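Q: One structure, pasted below without further comment.
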């Protein structure tokens, strides 16, 4: 059993057996145990949609922690792929695969169990404020009040990933192999996914043309105001 990196929300282990490779995730404290429970629910609902997501094999809740066993997806994250190479053509292939993955998510019909009665932005702002009051976040009370005063206007909701960063899309040889970490999967604003996807990091979406290529392949862009509201605003509470 080998440990895998997981951004601080869960402990992740790779299990290698005579039946293949599997991923075992464990979350031991709020809100991460709730996120793992939500991810298990979302993966159940996405089975059969055609999206390249892990297969949920088992989920177990105990008083002290939650466990999820799922299939293993080959490849590397978009982050690692873009950090590993400076070859322009290889970078373009990875960015194209990333944009196509996001477009594929947003074009997939929302499973009935993931549809919500309340507008997504209302639910997100409520949860963000709860996170601010109960946990340590990067967001401030002043930012929270500003977001609440001018909520994003959403005309139609689609299936979204909810945390579609460069760490949650898997690629191999420039091709999409999987989409992981689905705790935020729900009906919502696809612009939120786009904003999180294109956040600049050292060597990632910091090259001239990276964002333009992503927008071209995805099929649309978002405004600077939308990017700021989501990537530099709402996401600060998650």
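Q: Would you mind finding the one in 49, 17 that is outside the structural domain of residue 205 (by TED's automatic domain parsing) and more than 22 Å from residue 185 (Cβ to Cβ)?
A: When all the criteria are applied, what remains is 17.
Q: From (1) under 25 Å from residue 93 (Cβ atoms); (2) out of contact with any strand residue (DSSP E or B) (no Cβ under 7 Å at 6 or more places or on another chain), pick out the condition that doesn't hold for residue 177.
A: (2)
Q: When residue 67 is evaluated against the numbered criteria (1) in the same structural domain as residue 222 (by TED's automatic domain parsing); (2) in contact with a strand residue (DSSP E or B) (Cβ under 9 Å, 6 or more places away or on another chain), which criterion, by number, is the only one it fails?
A: Only one criterion is unmet by residue 67, namely (1).
Q: Being in contact (Cβ under 8 Å) with a residue 12 or more places away in the chain, within 15 Å of residue 180 (Cβ to Cβ) and not in a helix (DSSP H, G or I) narrows it down to one residue among 14, 36; which is it?
A: Of the residues listed, the single one that is in contact (Cβ under 8 Å) with a residue 12 or more places away in the chain, within 15 Å of residue 180 (Cβ to Cβ) and not in a helix (DSSP H, G or I) is 14.
Q: Also, I was wondering about something else. Among the residues of the stretch 49-88, how many are assigned to a loop (DSSP other than H, G, I, E, B), free of Cβ contacts under 8 Å to residues at least 40 places away in the same chain and within 21 Å of the chain's Cα centre (by Cα)?
A: The total comes to 1.
Q: Can you tell me which residue among 68, 113 is touching a helix residue (DSSP H, G or I) at 6+ places or on another chain (Cβ under 7 Å), buried (at least 16 other Cβ atoms within 10 Å of the Cβ) and within 30 Å of residue 30 (Cβ to Cβ)?
A: After ruling out the rest, the residue left standing is 68.
The values are calculated or read from the model by the stated rules, or taken from the named source; none is laboratory data. These numbers come from a predicted model, not from an experiment. Methodologically, a virtual Cβ is constructed for each residue, glycine included, from the backbone with ideal geometry; neighbour enumeration extends over all protein chains shown.
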